[in-house]
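Have a look at the structure below, then the notes.
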Amino acid sequence: MIDTGSWNTSDLMTYLVRHRQSLPAMEFANLRRRRVFPMEQAPGAHPYKTVLSELYEPLDVFRQLKLPILDWGENRWQPHTEEARMLVELGLKTHPDLQTIMNIMVDSDENIRKQGLVFFLNNFDARYASGYRIGNVRHLAFIPAIKSNGDHFMAKPDDVYADPECAVMGFPVVEPQFCDVAELKLRVSKHPPVTAIMKVLLGTPPTTPEIAQGYFEYLAMRVADFSTKDLDVLRDASIIPTSSQKDDSNSGEDVTWVMVKPRECILETEAKTTLSNLHSKIFVSIDFGSKGNIFLKACGVKDQPDIEDIVPIILQDPKKFLNVVGGPKGYQEQLRQIAAYKNFPPRLMSQMRSSPFLFGQRRSMRPTSQSPSDVKDKNESQYDLLFDLLKPNEIAIVDDTNSYLLFASSLYVAPQEDLLETFYSNLGSPRLTTLIKDSCDADHIEFSETDMASKVRNLVLERLPLLLLEPNMQARVSPAWLAVNDNFQVRVYQKLRLKRILSFHRHISIRSQDVTANAVLATWCGQIRLILLLKMGCEPDMYEMANSVCKALLINSRPKDSLLFTTMLSTDLEALRRRGYDVDRILNQQKLKIAEEIRQAEIARQKSQKPDSQSPSPAPNPSKPSKALENIWRNAMSTRGKSYCDVRGSEEYTEPKRACPTPVIVWILISSHRSGFWLPVVRITR
């Protein structure tokens, strides 16, 4: 029957169903392999026969998909008949496999593509879900999508998104009728990843406020997906368009838009205050609606800027900021607010240390007949204050008023406020006293022992223990040690002149002034000595004496220490008792310490003089000549320069270079076995 060809498929299958039990299995196997089943062709086409496994059921859906279907003849195809079931057993296809349907969905014919997608989605759960893997079809553009300009196209799964809201940022989205199934069945991402959003924002930011508002309103729904690092990047990215014109009345077609960073913006407020008006001059005021502002706040836009937002604006252009805030007064107020802030990040601190943004002031003396070195009777009316913005290391901090009065016209200083001085110091501004080196020139005539020297020595030794009981007082040597032997010496001269040298930023200024007292801690013959120089014929200025003693003795001398010691020196003990000082107890303890120092010194002296029993009798060691004799020789031999040449090695007593030689007295011991004497010899040094 098959070989004669005088049959149609319907007749053949009716026969096979009727004789199924009598036909051997080999006949059915041959039937599966033989190309005897006709494929449905267009009218007038040449007949074509093939194996049944290459044909599909004669259904309209397969005809629309242009699949090869079985020619069933004139009879109506009924899928649930015995003939239809036998054809399926012999190899007839009831649906295309996954690979076939995927190829249909990328067909060049638009209608075939859509019909294939519809068939795929309708049969997805029953036939294709188990075998569908997004990784296997990423290269196929089978998803109907719409571009941001409205054009339709077929997109790959990774190039399109199911959420239509993201189209505002230019991302292609799935056609509306497929949005739901695209995410659930086709595994299309609903939202673009943050990396893609960042690429759009940074590469092609919105160019007008209208476009930007659409961006920011969509991103407000995605703000939870951004990492802290992403938001930090956007904080410093120019992604916000704003008008370059301040006057909205001029807005129109000629408006130009400039891109600004979120950290340069604040949100507009209806309430207008002095502070908000100032902020509006420093920052750009923006408003992108309640939704859009949510995303901008996450990027760093604030209702009110904080210090960390204001400081970078200042560092960018300090002089412009000075004009914005209305001059020095407004600038200082902003610096106070910055100084009160304690949590600057290290990077910002580093930028502040190297930026010329700190406010410095310098006195410029008006023309006058007085000598510039004469600091007496000077008042504020004799000066003009000059202001400038400088780096921290170019501004000094005033920690000694007297020194400042001397060098006020030679350097810029910080405003004298505790808050600002601490802030300047943290940024690297030096203290004025660390920039000044002092040297004291004394008249060559030194007076012998005087009552004034003895009284001043006793006064300092008596009041110094009271000072050292104050908190945070650290002395280089103890008062008890100073009271022993010649560790503390007071010398009186006809005239004292203090030379002060300021060295700051390659600029050197020298000032000289007559003083009544000056103290130095010097090294003499390998031992430390505190030497206090006094001017003969007048009462020493207690502040000059206290200030120089504090600088010499205290490790960290502060102006208030000098003022406190001045009060202690100029106030009698009874008044100090009334002020709460336990004077008697302190002085008694001091006496005990002094006695112990003397005892230890005597023990050391005796040990050094103890004779060695095995050594020959030592030559006599006559006492060194009296101080009065030394003074005679000094007065006789010194023709120029300082008379206290014994302390030439000390740092404070460094002598200037001299054009003339200077005589130095050297005492030589001339001795025999039983007698000896000291002989003064003059050595000339240059």
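The values are calculated or read from the model by the stated rules, or taken from the named source; none is laboratory data. Just so you know, these numbers come straight off a predicted model, no measurement behind them. In this analysis, Cβ positions are derived from the backbone assuming ideal geometry, glycine residues included, and neighbour counts consider all displayed protein chains. For accessibility, only protein heavy atoms count, side chains too; no ligands or nucleic acids. Shrake-Rupley method; radii C 1.70, N 1.55, O 1.52, S 1.80 Å.
Below is a table of values for the structure above.
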| read-out | value |
| --- | --- |
| Under 18 Å from the ILE112 label point (7 Å along Cα→beta-carbon), backbone N, the stretch 83-101 | 95-101 |
| The stretch 1-86, dipole about Cα centre (Lys/Arg Cβ +1, Asp/Glu Cβ -1), debye to the nearest 20 | 240 debye |
| FRET efficiency estimate (nearest 0.05) - Cβ-Cβ, THR523 to ARG558, R0 30 angstrom | 0.75 |
| Per residue value of the accessible surface for the stretch 131-241 (all protein chains in place, 1.4 Å probe), Å² | 49 Å² |
| Gyration tensor (alpha-carbon) shape descriptor, the stretch 482-572, a/c threshold 1.5 | rounded |
| Rounded to the nearest 20 debye, dipole of the stretch 45-126 from Cβ charges on Lys, Arg, Asp, Glu | 140 debye |
| ³J(HN,Hα) computed for each position of the stretch 225-240 - Karplus, 6.51 cos²θ - 1.76 cosθ + 1.60, integer Hz, glycine/proline x | 7, 7, 7, 4, 5, 4, 5, 5, 5, 5, 4, 10, 9, 7, 10, 10 |
| Rounded Å value of the spacing that divides the Cα centres of the stretch 51-129 and the stretch 439-471 | 118 Å |
| VAL284 long-range amide H proximity, modeled H, under 5 Å | CYS265, ILE266 |
| Separation of the ARG366 and ILE501 label points, Cα + 7 Å toward Cβ, nm | 3.5 nm |
| Karplus-derived HN-Hα couplings along the stretch 13-25 (A = 6.51, B = -1.76, C = 1.60, θ = phi - 60°), whole Hz, x at Gly and Pro | 5, 5, 5, 5, 5, 5, 10, 4, 6, 8, 7, x, 4 |
| 14 Å Cα-Cα reach of LYS49 towards aspartates and glutamates, excluding residues that sit fewer than 8 places from it in its own chain | ASP3, GLU40, ASP71 |
| Gyration tensor verdict on the stretch 199-243 (Cα atoms; rounded if a/c is under 1.5, prolate if a/b is larger than b/c, oblate otherwise) | oblate |
| Residues whose placed amide H lies under 5 Å from that of LEU533, excluding near-sequence neighbours | ARG491, ASN518, ALA519, VAL520 |
| Near-label residues of the stretch 85-116 by backbone N, under 18 Å of a point 7 Å along Cα→Cβ of GLN21 | 86 |
| Entries in LYS320/LYS437; LYS261/LYS320; LYS261/LYS342; LYS190/LYS291 that, when Cα-Cα distance is taken, lie over 30 Å | LYS320/LYS437 |
| Förster-model FRET efficiency, 30 Å R0, THR434 and ARG336, C-beta, rounded to 0.05 | 0.75 |
| Per-pair calculated FRET efficiency, R0 = 35 Å: ARG347 and ASN277 via Cβ, rounded to 0.05 | 0.70 |
| Additional length obtainable on full extension of the chain from ASP303 to LEU267, 0.36 nm per residue less Cα span | 12.5 nm |
| Three-way shape call for the stretch 420-556 based on the alpha-carbon gyration tensor, with the a/c threshold at 1.5 | oblate |
| Approximate spin-label separation HIS152-LYS329, in nm, with each point projected 7 Å along Cα-to-Cβ | 7.1 nm |
| Rough spin-label spacing in nm, given labels placed 7 Å along Cα→Cβ, for LYS455 and ALA604 | 3.3 nm |
| Gain on full stretching of the segment that runs from LEU59 to ASP418 - 0.36 nm per residue minus C-alpha separation | 119.8 nm |
| Options PRO79, ALA141, GLY170, ranked by Cα towards positive dipole end of the stretch 54-173, top entry (Cβ charges) | GLY170 |
| Calculated from backbone phi, Karplus (6.51, -1.76, 1.60) coupling profile of the stretch 29-46 in Hz, x at Gly/Pro | 5, 5, 5, 5, 8, 8, 8, 10, 9, x, 9, 5, 10, 5, x, x, 7, 5 |
